[in-house]
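J.: Let me give you the structure first, and then I'll get to my questions.
The values are calculated or read from the model by the stated rules, or taken from the named source; none is laboratory data. In this text, all values refer to a predicted model and were calculated from it rather than measured experimentally. Using ideal geometry, Cβ is built from the backbone for each residue, glycine included, and neighbour counts are taken over all protein chains shown.
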DNA sequence: AGCGTGACAAGGT
DNA sequence: GACCTTGCCACGC
């Protein structure tokens, strides 16, 4: 897969992340057919222009933490946008992937109350 | 071409 | 948990 195709695949994948859910750079790469190229995902999101809006803030590190340094402007912006969609973000930028992760497809209610 | 750097990940100490 | 190493790859020098 060429570079342009890879970029398009990454952007498409990120646009498919549902509001109120998060995923990791690695998972985006894998779903885009670019397993092992998580670093490229971060790079592409960083370059993504405003003309081509993508929900970059729904992408976290594999451990569920925001990738930016705690306290940085980017960190605060990402936490703010996530919280606005109902995602719980701890002060140090942690998100519970079991509750809000994409393709867990399990609502927080189900998690708390149990499905059956 | 080589080397360092980076919005990463996985495995080990 | 904090680090370190290895694998990954695009970029700028």
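J.: Looking only at residues in the stretch A:43-94 that are in a strand (DSSP E or B) and within 11 Å of DNA strand B (Cβ to nearest atom), which one is farthest from residue A:28 (Cα to Cα)?
T.: The selected residue is A:65.
J.: How many residues are farther than 20 Å from residue A:97 by Cα and either away from DNA strand C (no atom under 14 Å from the Cβ) or surrounded by fewer than 22 Cβ atoms within 10 Å (Cβ to Cβ) (or both) if we restrict to the stretch A:10-34?
T.: Matching residues across the stretch A:10-34 total 4.
J.: From the list A:89, A:59, pick out the single residue that is away from DNA strand C (no atom under 15 Å from the Cβ), modelled with pLDDT of 95 or more and over 12 Å from the mean Cα position of the chain (by Cα).
T.: Just a single option satisfies the conditions, and that option is A:89.
J.: Follow-up. Whether any residue in the stretch A:68-85 is within 17 Å of residue A:102 (Cα to Cα) and within 16 Å of DNA strand C (Cβ to nearest atom) is what I want to check.
T.: Looking for residues that are within 17 Å of residue A:102 (Cα to Cα) and within 16 Å of DNA strand C (Cβ to nearest atom), one finds none in the stretch A:68-85, hence no.
J.: May I pose another question? If residue A:20 passes every condition in (1) in contact with a helix residue (DSSP H, G or I) (Cβ under 8 Å, 6 or more places away or on another chain); (2) in a helix (DSSP H, G or I); (3) more than 9 Å from DNA strand B (Cβ to nearest atom) but one, which one does it miss?
T.: Evaluating residue A:20 over (1) in contact with a helix residue (DSSP H, G or I) (Cβ under 8 Å, 6 or more places away or on another chain); (2) in a helix (DSSP H, G or I); (3) more than 9 Å from DNA strand B (Cβ to nearest atom) leaves (2) as the failure.
J.: When you scan the stretch A:23-42, how many residues do you find that are in contact with a helix residue (DSSP H, G or I) (Cβ under 7 Å, 6 or more places away or on another chain) and in a strand (DSSP E or B)?
T.: Looking only at that region, the number is 1.
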